[in-house]
Amino acid sequence: MLHATLIGLSLAAAAAGAPPAAAAAGAASKCEVQIAGNDQMQFDLKQISVSRKCPQFTVKLRHSGKLAANVMGHNWVLTRTADVNAVASEGQAAGLSRSYVKDNDKRVIAKTKVIGAGESTSVTFPTAALKDKESYTYFCSFPGHWAVMKGRLTVVP
Ligand code: ZN
């Protein structure tokens, strides 16, 4: 009897909380994206949309090629579009051990480490870091890659 009452209560609680819970579950499924980089220096996504409904957003990067990190390494770095060239150029000097991103670079909104064939990595960042009317670009900061290996990140309601 007590058990039945508890179930009844939890069902009532679930019903009362259903709309927010369902919304959160729906939003959660879109609060992450999978992207892969290959041996042809290409990401398989040219564009990523980030919903304002997501407090945080996760990017999962996979290396789908066969080449090692020191030859064909890939990472995922997010900056304002206006900052790409400077961040990438200065990142080259940081070297592979720092994944070609300068230490404490405030222009970098999110970044993963550089990975090689068969590896995966991810980064989660607060969407509060993104402004509505700003232009954002993600790129691989491996030397020579960022000129072609990039895409646009847009913030959507
Ligand atoms: Zn790369």
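Quarter the surface of the alpha carbon convex hull of segment 64-111 and you get the mean projected area, 3.6 square nanometres. The modelled label-to-label distance between Ala82 and Lys131, using points 7 Å beyond Cα along the C-beta direction, is 0.7 nm.
The residues packed around Arg98, meaning those with a beta-carbon under 13 Å from its beta-carbon, carry a net charge of 0 if Lys and Arg are +1 and Asp and Glu are -1.
When you filter the trypsin sites (Lys or Arg not before Pro) in segment 113-157 for DSSP loop state and at most 10 other Cβ atoms inside 10 Å of their Cβ, you are left with Lys131, Lys133.
In percent, rounded to a whole number, the relative contact order of segment 41-157 is 42, using alpha-carbon pairs under 8 Å and six or more apart. With N the number of residues in segment 104-157, Rg(Cα) / (2.2 N^0.38 Å) evaluates to 1.26. A prolate overall shape is assigned to segment 44-157, the ratio a/c of its alpha-carbon gyration tensor axes (a ≥ b ≥ c) being 1.5 or greater and a/b exceeding b/c. Let me make sure I get this right: for segment 29-100, a, b and c are the square roots of the gyration tensor eigenvalues over alpha carbons, sorted descending. Under 1.5 in a/c it's rounded, otherwise prolate if a/b > b/c, else oblate. Which is it? It comes out oblate by the Cα gyration axes.
Any read-out appearing in this document is the output of simple, stated calculations on the displayed coordinates, not a laboratory observation. Worth saying up front: this structure is predicted, and the values here are computed from it rather than measured. Positions of Cβ are backbone-derived with ideal geometry, glycine not excepted, and every protein chain shown enters the neighbour counts.
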